Amino acid sequence: MSSLSRFLFILTIAVAFQICNAAENTRPNIVLVMSDDQGWGQVGYYDHPLLKTPNLDEMAANGMRFDRFYAGAPVCSPTRASFLTGRANDRTGVYQHGNALRLQERPMPRAMQQAGYATGHFGKWHLNGLRGPGVPILGNDKYHPGRYGYDYWLSVTNFFDMNPTLSRNGSFEEFNGDSSVIIVDEALEFMERQSNADKPFFTTIWYGSPHSPMVASDSDQKAFTHLKETDRNHYGELVAMDRSIGNLRKGLRELGIEKNTLVWFCSDNGGLKVTPESVNGLRGRKGTVYEGGLRVPAIIEWPNVISEAAISKTPAGVVDIFPTIVAIAGLPKSAMLQPQDGQSLKNSIEGRIPKRRKKPLSFRFMEAGALVDNQYKLVTQKLGSGEYEMYDLAKDPKEGTNVIDSRPEIAKRLVAVFEKWSKTVDASDEGKDYPEGRLTDPNPRRMFWTDLPGYEPYFEEWKKRPEYESRLKDK
Ligand SMILES: [Ca+2]
């Protein structure tokens with residue numbers, strides 16, 4: 001190397017180092033929060049008749065509220081798979097609740113870890129192929145959060161409730177109190193450690209509320225005493241969850257990092273059959289591809305960038321989270337496996353909310369499918385049947401009138417877009433997107449944890465626990 005090229009080489013390294021350092025200091029922290037089975041109507045800011053959510057309301061009043069935000073799918077694990085990959089669930093091996101996310105996917109926490117973020121997962125996981133009430137995740141689980149790029153995890157396989165047992169990187173620990181409050185406290189401790197070390201963090205907090213079993217403390221049920229027991233507890237869980245949102249926001253302020261921290265809240269699927277109803281009058285509920293199954297509350301708060309409250313009425317969804325974070329954190333596009341099903345919302349967050357969405361939101365869940373293209377929505381109850389319904393969501397947000405026959409041109413266009421998209425999903429499902437061009441492992445079996453030998457040593461002790469009792473009575 002000549003002395004000039006050596007000089008230039010050293011200069012380049014020095015400049016690159018400076019740029020890295022500058023990025024290190026300004027890169028925002030990312031906190032992604034998701035509730036479990038909270039319907040579109042179950043927030044105070046949509047004037048729910050009984051439920052008060054002062055903390056979510058304040059977050060919305062201080063940030064950006066999405067009025068047309070869509071889950072990845074109408075049930076748990078599939079949405080979680082889309083959340084972490086930016087891809088439709090059927091591309092990733094997660095067709096149904098309880099399927100494991102393929103290790104060949106390229107998930108968001110891994111991209112953030114590689115970019116120098118400290119990564120932590122707190123709460124429900126449900127991407128490791130196990131069904132049944134949430135149990136702490138085994139340290140040798142092939143699909144635990146650490147396998148997808150989380151440095152640190154305090155997690156449970158599925159839904160969890162009061163006084164849970166959680167797994168801290170594979171060791172089991174018992175906790176007392178409401179599960180939402182516990183995981184937020186733990187996440188804040190993680191954030192404090194990273195903040196003290198001047199390291200940006202990426203955290204996912206996935207609640208187990210207000211999913212069944214519904215158990216809330218007496219004080220959280222106070223506003224609902226006239227409701228039947230399950231509804232009273234269901235709504236009580238939302239009260240506790242909202243309180244934990246308050247703890248999170250307060251904790252960030254106390255650490256002095258709230259301005260440079262992006263907090264993104266949403267639910268994982270539509271609401272349940274409860275009283276008062278959970279979906280604000282929309283059609284369908286959890287499990288269906290009608291609006292009640294897919295539309296969920298969503299808010300982003302990020303004081304450094306969102307200085308004035310904003311409301312977006314343009315469709316957006318869980319599949320947009322990964323491309324948005326990639327754009328915000330300045331990661332290379334190669335961080336995401338193609339094809340991606342979402343688009344970056346960075347412009348919206350920065351105050352430039354588009355009137356229309358460029359890329360339609362497409363869904364496949366079991367036999368059903370749907371496509372949301374701004375004003376119109378296509379629905380099929382049976383993929384491959386060629387039978388579709390279509391709704392004009394601008395005039396008919398409750399999907400009451402099927403307009404498939406009265407708007408044949410629009411219908412034809414949407415059907416073509418949907419069917420073309422669905423073919424790419426089939427190719428992904430066969431493993432065509434992976435560098436190997438195929439699945440290196442068959443899709444893992446979907447099973448109850450009671451059939452996994454690793455849990456047998458805990459059966460006797462767990463028989464005494466109300467959440468496991470019925471699962472273990474014959475074991
Ligand atoms: Ca759920």
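The values are calculated or read from the model by the stated rules, or taken from the named source; none is laboratory data. Computed from a predicted model, the values in this text were never measured in an experiment. All Cβ positions, glycine included, derive from the backbone under ideal geometry; neighbour counts span all protein chains shown.
Points worth noting:
- Among residues of the stretch 61-83 that are without any contact (Cβ under 8 Å) to a residue 12 or more places away in the chain and under 13 Å from Phe265 (Cα atoms), none has a Cβ under 7 angstrom from a residue that is near the ligand (Cβ under 10 Å from one of its atoms) and of a type in the set (A, V, I, L, M) at a sequence gap of 6+ or on a separate chain.
- Any hit, the stretch 79-101, residues being farther than 19 Å from Asp429 by Cα and away from the ligand (no atom under 16 Å from the Cβ): no
- Residue in the stretch 183-199 that is surrounded by 23 or more Cβ atoms within 10 Å (Cβ to Cβ) and within 16 Å of the ligand (Cβ to nearest atom) present: yes
- Matching residues, the stretch 231-275, being more than 16 Å from the ligand (Cβ to nearest atom), β-branched (Val, Ile, Thr) and surrounded by fewer than 23 Cβ atoms within 10 Å (Cβ to Cβ): Ile257, Thr275
- Number of the exception - Tyr434 against (1) aromatic (Phe, Trp, Tyr); (2) surrounded by fewer than 18 Cβ atoms within 10 Å (Cβ to Cβ); (3) not in a loop (DSSP other than H, G, I, E, B): (3)
- Taking the listed residues Asp161, Asp178, the one that is of a type outside the set (Phe, Trp, Tyr) and either in contact with a Leu (Cβ under 7 Å, 6 or more places away or on another chain) or away from the ligand (no atom under 16 Å from the Cβ) (or both) is Asp178, with no other qualifying.
- Those residues of the stretch 277-300 which are out of contact with any Ser or Thr (no Cβ under 6 Å at 6 or more places or on another chain), within 14 Å of the ligand (Cβ to nearest atom) and of a type in the set (A, V, I, L, M, F, W, C), in sequence order: Val279, Leu294
- Only a single criterion out of (1) farther than 25 Å from Cys76 by Cβ; (2) surrounded by 24 or more Cβ atoms within 10 Å (Cβ to Cβ) is not satisfied by Thr203, namely (1).
- Filter result for Lys420 (assigned to a helix (DSSP H, G or I) and not polar (S, T, N, Q)): yes
- Counted as qualifying within the stretch 224-341 are the helices (runs of 4 or more DSSP H) with 2 or more residues that are among the hydrophobic types (A, V, I, L, M, F, W, C) and assigned by TED's automatic domain parsing to the domain that holds Gly116, namely 229-254, 321-329.
- Filtered residue count, the stretch 102-127, keeping only those that are hydrophobic (A, V, I, L, M, F, W, C) and within 16 Å of the ligand (Cβ to nearest atom): 2
- Ser212 satisfies every condition listed in (1) surrounded by fewer than 23 Cβ atoms within 10 Å (Cβ to Cβ); (2) closer than 25 Å to Tyr150 by Cα except (2).
- When residues of the stretch 55-78 are limited to those that are away from the ligand (no atom under 14 Å from the Cβ) and in a loop (DSSP other than H, G, I, E, B), the one nearest to Lys420 (Cα to Cα): Gly63
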